[in-house]
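The values are calculated or read from the model by the stated rules, or taken from the named source; none is laboratory data. Note that the structure is predicted; figures quoted are calculated from it, not measured. Virtual Cβ from ideal backbone geometry, glycine too; neighbours counted across all protein chains shown. Accessible surface is based on the protein model in full, side chains and every heavy atom, while ligands, DNA and RNA are left aside. Shrake-Rupley method; radii C 1.70, N 1.55, O 1.52, S 1.80 Å.
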Amino acid sequence: MTTTTLTGEMLIGASAVAGTDGGQGAFNPATNAEIAEPVFGFGTAADVDRAARLAAAAFDEYRALPLARRAAFLEAIADQIMALGDALLERAHAETGLPMARLTGERGRTVGQLRLFASVVRDGHFLHATIDPAQPQRQPLPRADLRLARVPLGPVAVFGASNFPLAFSVAGGDTASALAAGAPVVVKAHGAHLGTSELVGRAIQQAVREQGLPEGVFSLLIGAGRSIGEALVAHPAIQAVGFTGSRQGGLALVAIANRRPEPIPVYAEMSAINPVFLLPAALAQRAEAIGHGFADSLAMGAGQFCTNPGLVLGIDGPDLDRFVQAAAQALAGKNAQTMLTAGIHGAYRSGVEAVAATPSVQRVAEGQAADGLHNAAQAALFTTDARTWMEQHALSSEVFGPASLVVRAKDMDELIALAERLEGQLTATLHLEAADHPLARRLLPVLERKAGRLLANGFPTGVEVCHAMVHGGPFPSTSNAMFTSVGASAIDRFLRPVCYQDLPDALLPEALQQANPLGLWRLTDGQHGRG
């Protein structure tokens with residue numbers, strides 16, 4: 001049974017290790033005070049080296065496990081997390097200020113994605129088993145027996161995210177997908193939820209122990225500033241990185257990875273403002289309803305979602321005015337909400353002040369004042385014209401929190417021009433009716449180049465964990481637009497193809513053996529089947 005007693009120690013393989021390079025207590029943003037104990041000790045470069053070497057030593061044994069055992073391990077992690085009970089939710093609430101209902105849902109998402117990846121592993125389709133049988137009689141030249149399967153890259157470094165203490169953290173999507181691929185994981189805990197990270201880390205450590213796996217399959221490190229993270233990305237045993245955070249942080253890790261003698265991929269989710277396009281017929285029919293729905297999406301969770309709708313674009317006129325008025329009215333009734341950390345709250349206030357100070361930008365709505373709440377964000381809505389937005393590049397920057405900007409275009413052509421000027425985004429949303437389809441057909445090719453997920457008549461907050469989800473997009477929303485960090489396809493980030501030519505059947509991976517002992521669907525000579 002996983003313990004709920006916190007010690008402030010790192011978890012390196014099977015051991016609990018006290019950091020020796022200083023330390024810090026956890027912080028409660030709602031009370032603006034440090035949580036008394038324990039003190040979490042910071043690791044050193046030697047701790048990074050030990051964790052990375054253990055991961056490298058565990059790699060070949062772990063990746064060679066039968067798929068059923070790997071899947072059972074993922075399910076065991078989910079079970080251990082649930083076994084922590086309310087202690088996990090209470091600690092996460094104390095460290096983040098997030099409501100218990102939100103954290104209960106996030107725990108469900110966390111264990112749900114672990115179980116999703118268990119099913120992905122059992123299915124085996126992720127291996128992309130492909131067979132082109134030998135054709136010894138082919139003229140003018142025979143063809144060798146060629147078989148392809150995917151293998152894991154190697155040990156993966158994962159950075160816990162600030163805004164999802166469970167679902168994008170120690171046992172979150174990056175960790176789940178890397179372990180599913182057959183890659184050991186070394187996690188750097190986020191300083192905003194150290195106790196939560198230790199509890200979940202101990203749950204994973206217990207699952208490793210119960211499943212009889214090599215200890216280096218999982219480690220959890222703690223460190224101040226950038227030193228531990230930089231040392232982890234630079235370590236030669238690490239072969240890939242998963243990161244969710246700021247553009248500055250993500251680009252710093254990419255730079256370190258590229259300077260290595262052997263560069264490695266960094267899958268960094270970094271920055272997005274998730275534009276919402278309000279097309280004319282939709283505005284004419286339901287401007288008020290869209291405005292109220294937008295306000296709910298913007299203020300949800302104090303706006304601390306990477307898919308928060310930070311930009312709205314529409315054609316200027318009375319219908320867009322109706323939307324702005326409805327959104328402003330709805331936002332005026334939204335309570336201020338505690339943000340995850342004092343630093344995030346300070347950055348939000350600075351970002352809102354910078355937008356407000358921009359010439360030709362008008363503040364049209366505010367939420368309820370904080371009224372003595374600590375680190376609480378007050379929602380804000382601004383408007384400007386298309387020319388100002390295109391000339392003031394800073395208005396394209398993400399303000400992490402419940403703030404958004406409405407941009408008024410003169411006509412259809414200017415709306416298309418605004419879409420062309422967008423940076424890469426995680427999402428783009430269209431509110432439309434049938435009469436808007438011609439304009440939508442003009443916008444969609446642009447938005448397909450700009451975003452990883454396109455929505456109609458909804459709002460981007462809320463990311464379903466399933467097979468079809470894409471949570472990624474062109475730079476700067478991510479560092480690699482080819483992949484997703486949420487959903488079953490997230491496993492693809494940590495795999496590479498290997499071709500086996502004329503290997504004896506007994507030496508082939510089971511997925512490629514002639515008898516197909518795993519019962520996989522395979523592509524054989526261009527035909528799908530279980531043969």
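Roll a 1.4 Å probe over the protein chains and send me the accessible area per residue for the chain in Å².
Heavy-atom SASA per residue in the chain reads 39 Å².
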For this session: With r as the distance between the Cβ atoms of H128 and R260 and R0 = 30 Å, compute the FRET efficiency 1/(1 + (r/R0)^6) and round to 0.05.
Result: 0.65
Seminar exercise, completed: In nanometres, the difference between 0.36 nm per residue of separation and the alpha-carbon distance of I35 and R102 is 22.0 nm
For this session: Report the Stokes-Einstein translational diffusion coefficient (µm² s⁻¹, integer) for region 1-110, Rh taken as the Kirkwood radius over Cα pairs, at 4 °C with viscosity 1.567 mPa s.
Result: 79 µm²/s
For this session: Grab every C-alpha pair in region 40-86, bin the distances at 5 angstrom width from 0 up to the longest one, and report whole percents.
Result: 5, 17, 14, 15, 18, 20, 11, 1
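Could you tell me what percent of the DSSP beta bridges with both partners in region 408-531 are antiparallel, to the nearest 5?
The answer is about 40 percent antiparallel.
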Exercise. Which of the aspartates and glutamates could a cross-linker bridge to K410, judged by Cα under 17 Å and excluding same-chain residues fewer than eight apart?
Worked result: D316, D319, D321, D385, E391, E420, D436
Exercise. Where does each of 182-190, 221-229, 401-409 land if you order them by average Cβ count within 10 Å, highest first?
Worked result: 182-190, 401-409, 221-229
Exercise. Measuring from label point to label point, each 7 Å out along Cα→Cβ, what is the C466 to D505 span in nm?
Worked result: 4.1 nm
For this session: Could you calculate the FRET efficiency of R530 with H437 from 1/(1 + (r/R0)^6), where r is the beta carbon distance between them and R0 is 41 Å, rounded to 0.05?
Result: 0.45
Problem set entry | At 1.002 mPa s and 20 °C, Stokes D of region 259-378 from Kirkwood alpha-carbon radius, µm² per second | 132 µm²/s
Exercise. Considering the dipole of the chain built from charges on the beta carbon (Lys and Arg +1, Asp and Glu -1) around the Cα centre, which of N457, W389, F126 is farthest to its positive end?
Worked result: F126
Exercise. Working out 0.36 nm times the residue gap between M412 and H393, then minus their Cα-Cα distance, what length gain in nm do you get to one decimal?
Worked result: 4.7 nm
Problem set entry | Portion, in percent, of the accessible area of the chain that falls on carbon or sulfur, probe 1.4 Å | 54 percent
For this session: Quick one: which residues, 5 or more positions from M339 or on another chain, have an amide H under 5 Å from its amide H? H modelled 1.01 Å from N in the peptide plane, none for Pro or chain starts.
Result: A376, A377
For this session: Could you tell me the distance between the Cα centroids of region 133-195 and region 41-63, to the nearest Å?
Result: 17 Å
Exercise. Got a sec? Charge dipole of region 246-298, +1 on Cβ for Lys and Arg, -1 for Asp and Glu; which of N274, G291, A257 is way out at the positive end?
Worked result: A257
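Throw me the Rg/Rh for region 416-531, computed over C-alpha atoms with Kirkwood Rh, two decimals.
Rounded to two decimals, Rg over Rh is 1.16.
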For this session: State the Cα centre-to-centre distance between region 412-426 and region 259-277 in whole Å.
Result: 21 Å
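From the C-alpha coordinates alone, can you work out the Kirkwood hydrodynamic radius of the chain, in Å?
This gives a value of 24.5 Å.
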Exercise. Any idea how far apart Q285 and Q135 come out in nm if each label point goes 7 Å out from Cα toward Cβ?
Worked result: 5.4 nm
For this session: With all protein chains present, calculate the accessible area of D60 using a 1.4 Å probe and round the result to the nearest 10 Å².
Result: 90 Å²
Exercise. Taking θ as phi - 60°, what are the ³J(HN,Hα) couplings along region 157-172 by the Karplus curve (6.51, -1.76, 1.60), each to the nearest whole Hz, with x for Gly and Pro?
Worked result: 8, 10, 10, x, 8, 6, 8, 10, x, 10, 6, 10, 10, 4, 10, x
For this session: Give, as a single signed number, the net charge of other residues whose beta carbon lies under 10 Å from the beta carbon of T524, with Lys and Arg counted +1 and Asp and Glu -1.
Result: +1
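Which percentage, to the nearest 5, of the DSSP beta bridges contained in the chain is antiparallel?
Antiparallel: roughly 45 percent of the beta bridges in the chain.
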Exercise. Which value, in debye to the nearest 20, gives the size of the charge dipole of the chain about its Cα centre, when Lys and Arg are +1 and Asp and Glu are -1 at the Cβ?
Worked result: 800 debye
